[in-house]
Amino acid sequence: MSTPLRYALILTAILAVLALVGALLRWRMGRPLRGYLQGCARVLAGMCVIDVGLRFLMLPVLAALFFSAVTMVLVLVVGLVRWLLRKPQRRFWRIVGWSHLGLFTIHLFVTFPAFLGWFGSRMLNSRGLEQLYDGPRVAADGEFLMQGWDTLRAERDANKPSVGQDIVDAARQRARSVLTPDGVTIRTYRLEANVEEPVAVAVLVHGLFRSSMELEPVANMLRNRGCECWLVDQRNHGQSSRAPFTGGLRESDDLVAVVDYVRSQPGRKDTPLVLFGVSLGTIAVSLALPRIDNVAGVILDAPIDDLTAAAHRMMAFDRPGDRRSAAYLYEPWRSLILTSLGVWSNFSTTDVSPIEVLATLPHDLPVLVVGEELDDRAPPETVANLYERMPQHEGTKELWHVPNVGHGRAFLELPAAFDEALGRLLGRLRIQK
């Protein structure tokens with residue numbers, strides 16, 4: 001039982017006891033009971049509705065109560081002034097009650113989804129500490145110095161880097177800024193290959209609420225296999241600038257701009273290009289593919305088949321023992337929020353369907369698809385369906401189903417096997433003559 005529901009039930013019980021005590025006192029004093037009991041019944045019925053709402057619709061109900069409380073504070077001040085001035089109270093509070101019942105309904109079905117749509121459009125960002133990430137670090141001997149939440153937290157607490165300043169400066173110098181057609185500045189980091197002439201150049205795109213730091217383990221594997229890597233901060237994430245979130249639609253435009261920039265670098269025009277995406281990053285990769293010529297290979301980890309379907313799965317998150325399950329949203333709120341997001345960001349989530357784009361890929365384009373067994377955002381059945389829709393033959397495309405691993409965590413929990421899968425993909429790259 002959630003904490004808000006527990007407190008609401010306690011409050012309901014207290015009000016019921018107080019109502020009963022009040023009724024007994026009025027009966028003993030010979031005062032009328034009918035109007036009093038009707039009022040108590042309305043209050044208790046309202047509390048029961050709130051209790052049911054907190055049990056099945058906790059987030060929308062709490063939000064509607066919060067928004068209603070804002071105006072209720074003003075009403076209480078007005079009511080206090082009226083009481084001090086000896087003004088009639090009954091009609092005033094009847095109007096307040098009915099008007100706030102109407103306001104509660106409006107907040108429940110309009111204000112709440114409109115606010116979450118605005119928040120999703122304008123306020124998404126990398127998770128706390130990842131906003132401090134400022135590029136991949138490589139030691140003087142060429143060793144890749146992996147970063148994570150622990151290292152970022154330790155450096156924040158110590159107020160100094162855990163490595164030499166020369167390494168930090170070199171990491172910052174790997175940063176590049178790419179201006180997209182709609183004016184967004186995308187931060188990308190160039191991680192040089194550990195060989196003089198790279199076998200491929202890999203452009204990597206992270207997932208929702210993350211940053212380029214998420215890509216470091218995969219970039220390290222690709223680097224050790226002779227690839228030059230470019231780690232991309234998606235718009236609204238990391239060090240990239242802000243713009244309305246479109247779930248991969250305009251983010252794919254950003255990726256096209258980054259690829260154009262990478263290919264404009266000396267000696268990179270004809271270097272085989274590999275694209276990697278994880279979670280949300282797979283949407284940007286999938287939608288960008290038809291606009292990028294001569295891609296040599298693609299890696300999709302925890303691929304999203306359809307933005308609308310994936311968003312519904314995220315908002316219907318229900319995992320035993322996980323506190324985030326308390327934010328479970330029923331219909332019509334999920335659809336209302338997605339509609340609101342589309343209005344704020346000027347797009348429609350129904351237009352973002354990677355599975356339809358992937359079904360039109362060239363038959364000879366090598367693809368590695370990674371699906372995780374415990375993934376509730378890109379479930380195995382949706383990944384399998386996406387894989388089946390791809391037009392390539394077995395051998396050109398590969399599906400690696402990873403057991404006992406959650407969303408986008410295969411490269412963290414099974415790095416050796418993941419590295420081997422990358423090696424298989426690099427071994428069958430499509431090389432343009």
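The values are calculated or read from the model by the stated rules, or taken from the named source; none is laboratory data. Predicted model, so just to flag it, every value in this text is computed and none were measured. When we count neighbours, we look across all protein chains shown, and the Cβ atoms used for this are built from the backbone with ideal geometry, even at glycine.
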Could you tell me whether segment 92-99 includes any residue that is outside the structural domain of Ile167 (by TED's automatic domain parsing), within 33 Å of the chain's Cα centre (by Cα) and either closer than 29 Å to Arg250 by Cα or of a type in the set (Gly, Ala, Ser) (or both)? no
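Among what's in segment 11-33 and is over 53 Å from the mean Cα position of the chain (by Cα) and in a helix (DSSP H, G or I), pick the residue that is farthest from Arg90 (Cα to Cα).
Per the criteria, the residue is Arg28.
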Looking only at segment 132-147, decide whether some residue is in contact with a helix residue (DSSP H, G or I) (Cβ under 8 Å, 6 or more places away or on another chain), hydrophobic (A, V, I, L, M, F, W, C) and surrounded by 22 or more Cβ atoms within 10 Å (Cβ to Cβ). no
Name the single residue that is surrounded by the fewest Cβ atoms within 10 Å (Cβ to Cβ) among those in segment 155-192 being within 21 Å of Gly128 (Cα to Cα) and either of a type in the set (Val, Ile, Thr) or under 25 Å from the mean Cα position of the chain (by Cα) (or both). Arg156
Count of segment 399-433 residues which are under 19 Å from Ser286 (Cα atoms) and under 27 Å from the mean Cα position of the chain (by Cα): 5
Within segment 194-204, take every residue that is modelled with pLDDT of 95 or more and part of a loop (DSSP other than H, G, I, E, B) and give me the one that is surrounded by the most Cβ atoms within 10 Å (Cβ to Cβ). Pro198
Does segment 285-313 hold any residues that are in a loop (DSSP other than H, G, I, E, B), β-branched (Val, Ile, Thr) and surrounded by fewer than 24 Cβ atoms within 10 Å (Cβ to Cβ), and which are they? Ile292
Going by what's in this entry, would Glu228 be described as crowded, with 24+ Cβ neighbours inside 10 Å and either outside the structural domain of Glu398 (by TED's automatic domain parsing) or within 16 Å of the chain's Cα centre (by Cα) (or both)? no
All but one of (1) modelled with pLDDT of 95 or more; (2) within 24 Å of Glu214 (Cα to Cα) hold for Arg377; which doesn't? (1)
Enumeration of residues in segment 346-384 that are over 15 Å from His401 (Cβ atoms) and small (Gly, Ala, Ser): Ser348, Ser353, Ala359
